[in-house]
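> First the structure, which I've put down as structure tokens, then a few questions once you've had a look.
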Amino acid sequence: MLGQIFVLLCLSSAWAQQLCMPEASDGYKVRLSINTALGDQAYVWNENEMFLFRATLAFAMRSYSGGQDYNVSNIVVCAETPRVSFWFVVTAPLNSSRLIDRSDVEEAVRKSRNRINSAFLLTDRSLEFIGIPPILTAPVTPDTPQWLIVFGVVMGAVGAGIVVLLVTSVVEKKRKKNKKSGDEDIEEEPREKTEGNGFARDGVYNMSFSDDDPVTQM
Amino acid sequence: MGKTKDSGVEERPKWDNKVQYLLTCIGSTAGLGNVWRFPYLCQTYGGGAFLIPYLIALVFEGLPLLYLELAIGQRLRMGSISVWTSISPLLGGVGIASMLVSVLVGIYYNTILAWVLWYFFHSFQNPLPWSQCPLNDNLTGYNVECVKSTPSNYFWYRETLNITPDIETSGSLHWWLVICLASAWFVVYVCFIKGIASIGKAVYVTATFPFLVLTVLMIRGLTLPGGTDGLVYLFTPDWEILKNPQVWLDAFTQIFFSLSLAFGGLIAFSSYNPERNNCERDAILVGVINSATSIYASISIFSILGFKATTAFNSCVKENILALTNHFEFSDQNITADHYDHWVEYLNRTSPGELASVDLRHCDLQTFLDQSASGTGLAFIVFTEAVVEMPGSHIWAILFFVMLFTLGLSSMFGAIEGILRPIKDLKLMPKWMPNELLTAVICSIAFLTAFIFTMGSGNYWVEVFSSYAGSVPLLIIAFFEIIGVIYGRGMKTFSEDIYFMTGKRPNIFWKACWMVISPVMLLVVLVAYVGIQAQTHPSYHAWNPAYELFPKTEMKPYPDWVFAIIVLLCVLPVISIPLVALYQLVRSRIKRSSALVDLNPYCNDSFEVEPQEQKNQRA
């Protein structure tokens, strides 16, 4: 009796193994890049890790199918390589010779992708399901684009600067005017305060004296 | 005689101290071209070997012209139009031409500053917007245009410029560029509000900050992996290149445009100096610092670009390793970048067929280093890509764009001064108009005119302006400047001027340069430049996503109406030189028939005792 059960189990596992093979139509290839992702913190891929993988995938199938009893035994793995990469197929919980459809598996994986990734401390890029594209996260766009805020700050500062400078120059001019109107002196102000010799601005520069020697020739 | 002339005659502004003047001149000459044109030329023309024609150009063309402009401005103490009119009324057109060129350049140059501001505002965003592609409309993948080119290309051409496929399609006005342009003009206005009193204070920041940032960038670049590779690549001399005349032409034009000559701004700045000021030392100082800035900037830029090339090379190798690992199912990280070549050799020996089926990219560091760019491409595409790879990329982006902004801003000061000073000297504005209002009016007009550059085809127009309005007219004006001073005013008088200002006469080197070497060089450069431009029908690079070789830019010829505008841009500023000369000649002939009016300013009318009729009567 025990012997028969044993043979049946062996046969069923062999049968399951036949369901899973590389390039299986309802299977997916999984590729892990643990060393690249984790560097020094990398763990060694062994049977236990494989068990965890099958368990998480069973969890994913359960979440997707709304509670159907998927077990670790329903996830069949084969063609493991040192890369680490392997193929897997999912069998139905009640009928282990029936494979779950590719599209259902894909949906299940997509739905729980985040949980699967975090079980292995990996990301979409280091835990790849070949054929299932990672979900693209749209970048977060706040209501006011951030650059407008910076622009507002800069413009505010510049505008304040302009107002301050204009106001101070207007105030200075008024002050000068008040001082001048009270000034009774009618002095001929020098035209150019920076010119030492009263060089007239709106005439033609008189060159006839520039050739003169400082000491007139005898 | 008793009227107080408080509102009529203004004090001529003057510098608070010598440092302000020098910083303004240095800032005016050191501009964006030092950062993004010179390193490109250095790299293209054989690295260290390019320094030879460059330094020869500096000594024989740049410094004499710079000295001439500073001296004539300081001696005659007037803005560009009045200076030339006082040397000889026939030369009045030179000043007008300077002013027109300043107008044209000022309009488009500030658009570049608007783009810099746009990038600066976005440098605060996390993550940097040019580091990743946006999703497409139905969120299934990344935007196609972005994927085909790179995220930095996409951000520049699509999100910043929203560029049209060719110059004829104008597209619409882009509001985001308009407000960046407005902020650029507001900043220019706030610096210019009180004339050189406010510029003098602004240049303490705008002229010194770029050097600080370049130093920091250089240190950062040299400490990054691959930084020194970039430097070695840049300065490795290729002496063969010196036989190519194009190199010499580019060296001479680069020096000329780099020193902001012929804009009239430098003449105006030096006219605010005290009369006795050693302008020879100033000119040498400004010229040498400008060239040193170019070389210094190229060190900083190329160390960063070396890092970028190394990063690109490393990721190329990593991609290949991944492809090999995946195909041959080796253990992850079994193949490392160091042993990559050994592995490829080994695989080639053991399973060449399999190896051939793997799609390997050819990774060569030289190829990545060769990817050069100049102009806006360097700043907004190549450098931004490099910054994304650096740790702490936000800080570097912010520093870089503030540096570009301050470099461009101080150059704008020269251009705006070249516009404002002649207007004030000619007293074109009514007496009641305060200076602040005039500056505001000029800035507003320039802002509104620059709307062309904020449209979809704006970038193409900026290239048109920068290639044609800011090139040939300047060469022509500079040529007439030097001829006008040396032969119009006279070498002897000019030597006396310099003796008056500096206490010693110019030595034989300066005289030889001014009288022969520089004019000849200018003429040769002008003729060669125009000759080369005229050989091919001008064309431009268009960013066209529908092009079959996209992401390469499409070379399109300029349509005829654009070509007409190009000719107009070249001719319009310089047409005033012959026109004014002609007008003055005609006017003097008319006047000569009635009274003795000599065009020679050496002749002082106040000593004409006897008019011609009286002389005839006596005789």
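The values are calculated or read from the model by the stated rules, or taken from the named source; none is laboratory data. Not measured: the values here are computed from a predicted model. Cβ atoms come from the backbone with ideal geometry, glycine included; neighbour counts cover every protein chain shown.
> Taking the stated definitions as given, is residue B:147 surrounded by fewer than 19 Cβ atoms within 10 Å (Cβ to Cβ), within 14 Å of chain A (Cβ to nearest Cβ) and not in a loop (DSSP other than H, G, I, E, B)?
yes
> Do any helices (runs of 4 or more DSSP H) entirely within region B:40-98 hold 3 or more residues that are in contact (Cβ under 8 Å) with a residue 40 or more places away in the chain and away from every other protein chain (no Cβ under 14 Å), and if so, which?
In region B:40-98, B:51-57, B:63-76 are the helices (runs of 4 or more DSSP H) which contain 3 or more residues that are in contact (Cβ under 8 Å) with a residue 40 or more places away in the chain and away from every other protein chain (no Cβ under 14 Å).
> Please find, within region B:29-39, the residue that is farthest from the chain's Cα centre (by Cα) out of those that are assigned to a loop (DSSP other than H, G, I, E, B) and under 21 Å from residue B:203 (Cβ atoms).
B:30
> Going through B:515, B:555 one at a time, which residue ends up being more than 22 Å from residue B:456 (Cβ to Cβ) and either aliphatic (A, V, I, L, M) or free of Cβ contacts under 8 Å to residues at least 24 places away in the same chain (or both)?
B:515
> Can you tell me how many residues within region B:118-144 are more than 18 Å from residue B:392 (Cα to Cα) and either assigned to a loop (DSSP other than H, G, I, E, B) or at the interface with chain A (Cβ under 8 Å from one of its Cβ atoms) (or both)?
12
> Would region B:165-173 turn up any residue that is in contact (Cβ under 8 Å) with a residue 60 or more places away in the chain, at positive phi and not in a helix (DSSP H, G or I)?
Scanning region B:165-173, I find at least one residue that is in contact (Cβ under 8 Å) with a residue 60 or more places away in the chain, at positive phi and not in a helix (DSSP H, G or I), so the answer is yes.
> Tell me the residue from B:268, B:292 that is away from chain A (no Cβ under 14 Å), assigned to a helix (DSSP H, G or I) and touching a Lys or Arg at 6+ places or on another chain (Cβ under 6 Å), please.
None of the other options fit; the residue is B:268.
> Another question, if that's okay. Of all residues in region B:244-287, how many are more than 21 Å from residue B:208 (Cβ to Cβ) and among the hydroxyl-bearing types (Ser, Thr, Tyr)?
2
> Looking at B:294, B:393, B:298 in this structure, which one is surrounded by 18 or more Cβ atoms within 10 Å (Cβ to Cβ) and more than 30 Å from residue B:125 (Cα to Cα)?
Exactly one of B:294, B:393, B:298 is surrounded by 18 or more Cβ atoms within 10 Å (Cβ to Cβ) and more than 30 Å from residue B:125 (Cα to Cα), namely B:294.
> For region B:309-324, enumerate the residues that are β-branched (Val, Ile, Thr) and within 18 Å of residue B:233 (Cα to Cα).
Answer for region B:309-324, where residues must be β-branched (Val, Ile, Thr) and within 18 Å of residue B:233 (Cα to Cα): B:310, B:311.
> Just wondering, is there one or more residues in region B:411-421 that are surrounded by fewer than 22 Cβ atoms within 10 Å (Cβ to Cβ), in a helix (DSSP H, G or I) and not aliphatic (A, V, I, L, M)?
no
> From B:347, B:322, B:369, which residue is assigned to a helix (DSSP H, G or I), within 14 Å of another protein chain (Cβ to nearest Cβ) and on the phi < 0 side of the Ramachandran plot?
B:322
> Continuing with this model, one more query. Which ones in region B:179-210 are farther than 14 Å from residue A:165 by Cβ and either surrounded by fewer than 21 Cβ atoms within 10 Å (Cβ to Cβ) or within 11 Å of chain A (Cβ to nearest Cβ) (or both)?
B:179, B:180, B:182, B:183, B:184, B:185, B:204, B:205, B:208, B:209
This table checks each residue for (1) over 18 Å from residue B:473 (Cα atoms); (2) at pLDDT 85 or above.
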{"site": "B:563", "(1), (2)": "no, yes"}
{"site": "B:569", "(1), (2)": "no, yes"}
{"site": "B:572", "(1), (2)": "no, yes"}
{"site": "B:583", "(1), (2)": "yes, yes"}
{"site": "B:593", "(1), (2)": "yes, no"}
{"site": "B:598", "(1), (2)": "yes, no"}
{"site": "B:614", "(1), (2)": "yes, no"}
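> Does region B:529-561 hold any residues that are surrounded by 14 or more Cβ atoms within 10 Å (Cβ to Cβ) and farther than 25 Å from residue B:474 by Cα, and which are they?
Across region B:529-561, the qualifying residues are B:542, B:543, B:544, B:545, B:547, B:550, B:551, B:553, B:554, B:556.
> Sticking with this one: Check whether at least one residue in region B:468-482 is outside any helix (DSSP H, G or I) and hydroxyl-bearing (Ser, Thr, Tyr), and report yes or no.
The answer is yes; a qualifying residue exists.
> Test residue B:383 against the criterion of being under 30 Å from residue B:340 (Cα atoms) and more than 21 Å from the chain's Cα centre (by Cα), and give yes or no.
Judged against the criteria, residue B:383 is not a match.
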